[in-house]
Each structure stands twice: as structure tokens, then as C-alpha cells.
Amino acid sequence: MNFRIAYIIARDEWRYWLRSRLSVAALVAASILIVAALISTITQVQTERTTRENFQAEAINTFESQPARHPHRMIHYGHYVFRTPAPLSVIDLGVDAAAGTVMFLEGHRQNSAVFTPNYSSANAGQLAELSPAFAYQVLTPLLLIILGFASISRERESATETLLYSISVAPLELWMGKIIALSGAALMSLLPLSLGLGLAISAGEHAGVAAYMLSGYALYLLTWVFIITAVSSSCQASSTALTLLLAGWIFFCIVISPVASGIASTGGAYEGKVVSDIAVQQALRGSGDGHNEADPAFDQFKMQLLQQYNVESIESLPINIRGMISKNAEEKQTQILNRFSDRRMEAARTQSRIVYWFGLLSPALALKNFSMNVAGTSLSEYQRFQHQAENVRFDFVQRLNNLHAEQLSYSDDINRSKDHQSEQRTRISPVHWKMLQPVAHHEDNEQERVSESLPHFIMLFFWCVFGAIWSVTRATRGAANAA
Amino acid sequence: MTKSLVTASKLCVERGNRRVLDNISFTINKGDIFALLGGNGAGKSTTLLTFLGFVKPSSGEAIINGIKVEEDIQAARGQIAYLPESANLYAHLSAYENIEYFLSLAQISRSSQEISLSLDDVKLAPKMRIEPLSSYSKGMRQKVAIALAMLRRSPLLLLDEPTSGLDPVAIDEFNTILKALADAGTTIFMVTHDVYGACEIAKRVGLLQQGKMASVFEAVGETKISAEAVHQAFRQSQPS
């Protein structure tokens, strides 16, 4: 193959596009759309990040600045944790819009994440969340189709294909020329993505992860380049090529994703929140009331404590039995809550796995799964947030239970509603409230994100290889059609 | 002594169960114009495509300047300038740009002066040369294609129905250019429906009938081939 000839053909293809009103209009429209998507998403994410970080700081400050109180009141006073947007969410918002952003943490409960009050007020639906990921996954292939659907069929229709072959241009050189031209357009379309990734790096994302994301998008667009040239090589008429490619685009980019979600919801169905909450309440009922040290559910635990401290009565214990009971109850309840929570998460992961396999039917879906996982806006990342929030909850609740057990005397505790001085003594200093653990940042789990996205990247790679083989096969067979 | 540039030797081409070319043989001498006539489906274009290497013969040989096409397609194509029937070239490019583009792909270097001279030779109006071909008539596009072929300086020019769709004036202009090319030593092999045009310029005319060479007419000296005789043979060759 003579690459100089391929380059000359590619250069002419660009010249053709620049002289075609349709191509220029498509290039301009797509550029505006991608840049607009990037700017709007960056603005949205930065606003969300600032808002949530401010809320988070305020929540911590509010908790820590509480006056002297009974530690168990602080357990019920609770704390808010906010899910801050990942740096790469400027590219892919992922499940951010559908998953809650703030979680209220308190004792004895695992609350669902909900949305911040100002989150949805300006949200006008799906189009209002036009992200660069959406633009690249759905709209850029359309641009490439508009540019490339006639790349080879046009030569056939105008008989220039035979003319080219008659002057010793090889079919593979013609094919390579078209591939270079269309890949150039795809590469240029990735410039705004690179800017977005640069911004994500400046916000703390690892450069390697950003480059990995870029390579995934490049593979996807290259797959489309191959598919487009393969179809264009196969068709005698450009109109047929356009029809087939648009049908393929609708199938890959529009149809498969909701079909996959629908099948995943059916195939990996799990009980809704109401059913789940009833089941949780039933399970918790047997675990005892941690507010009542006389609850028979804790008899064995009390016996253990008495034996451990070698005393006859709970009044003689060097620690406050109420705090210990509360701690023990929290541990048992958390085990039960985690069991249900893990079940729900596993069911959600099962659905994700079903959707994952649908990536075999659509490179757009493979890229969507890849992009969300790398960006840290996937279901996995959301579940990590839930786990971290639960760790924060359990940690501060048990720290407060320890304070309850160690700092408060049992006699003051049981008399606090009858005796003012006892009540005052059960209020412990606010200095203890500085106990909250932070939720880990997205930037710190790049290894998990890369490993979770790797199967999707491999799927994209195979799509690209398949596209290349198909395209080159059609291109060489197409030479026979030229005559 | 004249030497043959093109040789078809017992050429057979089959498509499916149908024999499209059936044992045809002919030669074309250097600098001659050979016109292949025949009805629709007689095998004219297939003969051209076989010499271009786009169609593989089931038996026999197509030879250009001593090169067997089947053995070395690229070398054989290097001897040919080809004008397909619908030689639209590139509608978005001007005459200059089309010629420059094709020459660069053929890896042939020609100065802009040479290109202008070539366009002068085919009498393409200078003001049109920078206009995109989308604004050209078919005759004008043919002129550009001929200019390109001239610039390639290929020994053999293959033409597929070159005058179809041209008006009489354009046909006359086109034939004049072809004669000038032949006089300059270019061998021309054309397939056409135009009996009178072919007889006007061709040294020899072959008549294909259902894939077989039914008859060959030859001009003797300055006497042109009798169009009436060819026309009569053509009519007789058509299935009733």
C-alpha cells in the first residue's frame, strides 16, 4: 500500500466536504453542539460541586457546633453526607441525575440518598442534561455518517472508482484514504473532549485515567469510521448506504439502550422500596430495642458484660450499660440493614451485568458503560458512595455510643428526666463532636474505575477490530463491484 | 514495420452459466483506432474491462504492449488511459483540480503550463477551467478526461461509449481530438454504438455478436470504412 496515495485521497475527501454545504453544515452544527454540551456540563458540574461541597461543609460545621448534649441525641440529630461530582463528570454525568446526591445519616437506620433541594428546579428533562458523553455516543456518529456515507459509493456512482483503479490506485489505497479522512474528522471532533479532560485533570483527575477515557472514545469513533466505510463500500448507491447507516445508528444508539434496560429490569428484578422496607422492619423487630436495656433481646449480652467485669449488677458496671446496649443493638441492626442493602445492591449489579452483555450488540452501549465506569458516575461508584456513607454513619454512631458508655454514668442516665443536675451531667462537651469521617474522593479510586471499565474497553476494542475486518473485506470486494 | 500494441487471443469470459465473450481474437496496431461495435449485451464493455483487469477471462489472453493483463494487472494498467462511459470525474473540482488530482494519484508530474496546453488542445474554454465540473456539459467533461489521458501519455486509450450523450458538434470536436491523438502515436481502442462516428475515424471496426467477433472491417489507404456496409452487417447481426 502506498500511503502517499491514500493521503492524497484523504486530502481530496476533506476538500469535498469543505465544498459541500451539507457537510459544512453538519460539521458546524456538530461542533457547536459538542462545545455547547461541554460548556453546559462543565457549568452544571462546577455549580453542583460547589453547592454540594458548601452544603457538606455546612453540615459538618452544624454537627460539630452543636451544644453540649446527650450523645444519643446526637445520634438522632444525625449528619448529612453529600456525593460530590467526580472530576470526569464534566464529560459523563452517568447516573448522577437519577441517583440521589445527599444522604441523611442517623442511628438505627439506613436512609436512601435523596436530591438536594435546588437540584431539579431547573431541570427540563433529558435534553437539559445534554452531556459531552451523549454528544459523542449518539450525535458524533451521526456527523460521521453524514460525512462518510457516500465516501466510496459516490466514487462508484460517478464511475470515478473504475477511473481510479485504472490509473493503478489499489482498492486498499482508496479505502485507506477514506479511512484517514473520516478518522481525521473523528479526531477533530475529539478536541472538545480533550479540553474537558484537561479540565478534569486540573480538578484532580489522574492524567492516565483521562487518557484512557479519551482512547475509549477514539476507539468508538474509529469503529463508526470502519462501519461507515464498510457500508459505503458495499452499496452501489449512496442513498442505500445512507438508509442502512441511519437504520444502524437508530439500532445502535437509540434502540438498544432502552431495550437493554427493559430486559435487565425484567431479568434482574428486585423488590421495590416499600416491600423492602417492610421486610427490613420485620427483621429488625427481632433484634431488640436499643433504647431499652430491659429488652429481653439483650439479656445474654448483659450477662456477658457482668461476667466480663466480674460484677453482680448492671449498676456496678464501670461503664454505662445503656451506651453498651445501644452499641450492641446498633451493631446487630446494622448487620441486618447491610444484609438487605447488599441484596439490593447485588440485584442492581445483576441488572448492570445484563446491560453489560448488551454491549455486544451495540458499540454505543459498550462505550456508555465504559465511560460511566471510568468517569466514576456509574452504579458501582454510587454503590461505593453508599458503602462509604454507611461506614461514616456506623463510625460516628458507635463513637457516640462509646461516649455514652464511657462518659455518662448509668445513674445520671436513668435519672436525667427526673433530676435536673443528672440531666446536666449527661450533656457532654461539644469538643467530642469533632468525630466525623470524610467520604473518600473519586480521585482516590482510579484503580477500581479502570478495572471495572476494562471489560467494556475490551468490548469496544473487539467492536473496532470487527469493524476494521468488515470494512477492509468489503473494500476489497467492492473493487469487483466497481466493474 | 507496425507492431501490435493490443492483442486479444482466443478470449473467453463467462459469467455464471453465460458465455459473455466467446473465443474472440483481434489485434490493434500502434497508433491505430480500433472501434468495437455491437448491440446491447454483445460483450463490448466486457472486452474493455478484461483489458483493464476488472474481468478475469476464463480462457485466452489479453495482452497490452507485451504485458499479459492477468499476470500483471498494475503494469498493464500503467499502459492505459481509460475513459468510462459516464466519465463524470469529480463534480466538486475544476478541470485543473481534476487533472492535478488524477495525475498526483498516478504519480505523474506535469507543470501547470503543460496542463493548460493540454486543455488548449482539447479546446476547453479558458474561463471554464477554474469552474467546478458540476457546471460542465458532458462534452466538456469528456474534453477534460481526454486532456487527462493526453497528459498521462499512455500508449493506449480505452474509451467506453465516448460519444453517447454528446451533440453532433461535440462529437465532431471529439473525433477530431481522437484523430490528432492517433496521429501522434496513441493507440485508441473504443467501444461504441455510433456506427457512423466509428467508421469516420477508425482504422478498423470489429463487430461483436453475442460475444463472438462476427466480422472486422478495415480502412484501406485513405478510404474510410463504409458505414453503410457496417450498418448492414450490424443489422444482420441483431437477433430478429
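The values are calculated or read from the model by the stated rules, or taken from the named source; none is laboratory data. Only a predicted model underlies this, so the values are computations on that prediction, with no experimental measurement involved. For neighbour counting, all protein chains shown are included, and Cβ atoms are generated from backbone atoms with ideal geometry for every residue, glycine included.
Would you say A:ARG393 is charged (D, E, K, R), surrounded by 24 or more Cβ atoms within 10 Å (Cβ to Cβ) and over 13 Å from the mean Cα position of the chain (by Cα)?
Here the answer is yes, as A:ARG393 does meet what is asked.
Return the residues of region B:57-77 that are over 14 Å from the mean Cα position of the chain (by Cα), touching a residue at least 24 places away in the same chain (Cβ under 8 Å) and at the interface with another protein chain (Cβ under 10 Å from one of its Cβ atoms); say none if nothing qualifies.
Answer for region B:57-77, where residues must be over 14 Å from the mean Cα position of the chain (by Cα), touching a residue at least 24 places away in the same chain (Cβ under 8 Å) and at the interface with another protein chain (Cβ under 10 Å from one of its Cβ atoms): just B:ALA76.
Is there any pair linking a residue in region B:99-112 that is at the interface with chain A (Cβ under 7 Å from one of its Cβ atoms) to one that is surrounded by 13 or more Cβ atoms within 10 Å (Cβ to Cβ) and in a helix (DSSP H, G or I), with Cβ under 6 Å and at least six apart or on different chains, and which?
From residues that are at the interface with chain A (Cβ under 7 Å from one of its Cβ atoms), the pairs are B:TYR101/A:ASP12; B:PHE102/B:LEU148; B:SER104/A:ILE8; B:LEU105/A:ILE5; B:LEU105/A:ILE8.
Determine which member of the set B:ASN40, B:ASN88 is more than 14 Å from chain A (Cβ to nearest Cβ) and in a loop (DSSP other than H, G, I, E, B).
None of the others qualify; the one that does is B:ASN40.
Does any residue of region B:143-163 turn out to be over 24 Å from A:ALA10 (Cβ atoms), more than 13 Å from chain A (Cβ to nearest Cβ) and basic (Lys, Arg)?
yes
Would you point out which residue out of A:VAL35, A:VAL28, A:VAL24 is within 14 Å of another protein chain (Cβ to nearest Cβ) and either surrounded by 12 or more Cβ atoms within 10 Å (Cβ to Cβ) or closer than 17 Å to A:VAL138 by Cα (or both)?
A:VAL24
Could you check A:PHE370 against (1) assigned to a loop (DSSP other than H, G, I, E, B); (2) under 27 Å from the mean Cα position of the chain (by Cα); (3) of a type outside the set (Asp, Glu) and say which number it fails?
The number of the failed condition is (1).
Please go through (1) within 14 Å of chain B (Cβ to nearest Cβ); (2) in contact with a His (Cβ under 6 Å, 6 or more places away or on another chain) for A:PRO71 and return the number of the only condition it doesn't satisfy.
A:PRO71 satisfies all of (1) within 14 Å of chain B (Cβ to nearest Cβ); (2) in contact with a His (Cβ under 6 Å, 6 or more places away or on another chain) except (1).
All but one of (1) touching a residue at least 24 places away in the same chain (Cβ under 8 Å); (2) more than 10 Å from every other protein chain (Cβ to nearest Cβ); (3) assigned to a strand (DSSP E or B); (4) of a type in the set (Ser, Thr, Tyr) hold for B:THR47, so report the exception by its number.
Only one criterion is unmet by B:THR47, namely (3).
When residues of region A:74-116 are filtered for being in a strand (DSSP E or B), touching a Leu at 6+ places or on another chain (Cβ under 8 Å) and either among the basic types (Lys, Arg) or more than 28 Å from A:ILE201 (Cβ to Cβ) (or both), how many remain?
Qualifying residue count for the region: 4.
For region A:91-132, give me each residue that is at pLDDT 85 or above and in contact with a strand residue (DSSP E or B) (Cβ under 7 Å, 6 or more places away or on another chain).
Selection gives A:VAL102, A:MET103, A:PHE104, A:LEU105.
Among the numbered criteria (1) away from chain B (no Cβ under 14 Å); (2) within 30 Å of B:PHE102 (Cβ to Cβ), which one does A:ARG19 miss?
(1)
In region A:307-347, what residues are hydroxyl-bearing (Ser, Thr, Tyr) and in a helix (DSSP H, G or I)?
Listed by number, the residues that qualify are A:TYR309, A:SER316, A:SER326, A:THR334, A:SER341.
What is the residue count in region A:147-164 for residues that are more than 7 Å from every other protein chain (Cβ to nearest Cβ), surrounded by 23 or more Cβ atoms within 10 Å (Cβ to Cβ) and assigned to a helix (DSSP H, G or I)?
5
From the list A:VAL28, A:VAL45, A:VAL35, A:VAL24, which one is part of a helix (DSSP H, G or I) and touching a Ser or Thr at 6+ places or on another chain (Cβ under 9 Å)?
Every option except A:VAL45 fails the conditions.
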